[in-house]
């Protein structure tokens, strides 16, 4: 996604995403982004208990932050905990979170999946070095699984903006390394899916500009992903004549 919005809202990425598994029936997915950053400075909007979940099939929680060693952490530890686990109880002496106020609880109650979105515009500069190093790729995958366990999430969305993008330390090797990063992440997600007997999703967001699309090994990447999301708001912009 681009720069943080002035208020916390859902952004419908595409009303129609497509499932990349050719054996599956076509389905209609509505993917929304829940912006967690600085939640406490926006009167705690949007309140997970007031969302109309019937409008969505998947909510991507944005954004988790990759570190240089491949570890993935919360973008805002306090807000993320309160949103994903529930608001801290106000009862005297209680260290518990009120689960019913949790985005994950409310979404699952309404048969909506919550996926951890990693990266975004602000956090994409370390992706090139993570993807280029086998040890860091493994650490990234392990760390993603730990996040899924901690918050009871349904998968990982990679929002690398963008492979090969020089402003974010992009290199010529990003094209192949992006595939390698997704491949190991897919292995770990599939293993975790079997362990808990629940489908874990792997999705990714892509810029539709030709120069960004050319930096993806589509024949290798598409089979690894459950859903491909296109950032449709980037088709046109200030760069157009």
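Checking each residue in segment 151-180 for being within 15 Å of the chain's Cα centre (by Cα) and either surrounded by fewer than 20 Cβ atoms within 10 Å (Cβ to Cβ) or farther than 22 Å from residue 209 by Cα (or both) picks out 151, 152, 153, 154, 155, 156.
For residue 119, the conditions (1) at pLDDT 90 or above; (2) over 27 Å from residue 226 (Cβ atoms) are fulfilled apart from (2). Applying the set (1) more than 18 Å from the chain's Cα centre (by Cα); (2) closer than 25 Å to residue 123 by Cβ; (3) at pLDDT 65 or above to residue 6 leaves exactly one unmet item: (3).
Among the residues of segment 207-229, write down those that are touching a strand residue (DSSP E or B) at 6+ places or on another chain (Cβ under 6 Å), surrounded by 15 or more Cβ atoms within 10 Å (Cβ to Cβ) and more than 14 Å from residue 181 (Cα to Cα).
First, the residues of segment 207-229 that are touching a strand residue (DSSP E or B) at 6+ places or on another chain (Cβ under 6 Å): 208, 225-227, 229.
Now drop any that are not surrounded by 15 or more Cβ atoms within 10 Å (Cβ to Cβ), which leaves 225-227, 229.
Selection gives 226, 227, 229.
Would you call residue 172 in a loop (DSSP other than H, G, I, E, B) and free of Cβ contacts under 8 Å to residues at least 40 places away in the same chain? When the stated conditions are applied, residue 172 passes them.
In contact with a strand residue (DSSP E or B) (Cβ under 8 Å, 6 or more places away or on another chain) and modelled with pLDDT under 90: does that describe residue 74? Reasoning before the result, please.
Numbers: in contact with a strand residue (DSSP E or B) (Cβ under 8 Å, 6 or more places away or on another chain): yes; modelled with pLDDT under 90: no.
No: the conditions fail for residue 74.
The values are calculated or read from the model by the stated rules, or taken from the named source; none is laboratory data. Only a predicted model underlies this, so the values are computations on that prediction, with no experimental measurement involved. As a convention, Cβ positions derive from the backbone with ideal geometry for all residues, glycine included, and neighbour counts pool all protein chains shown.
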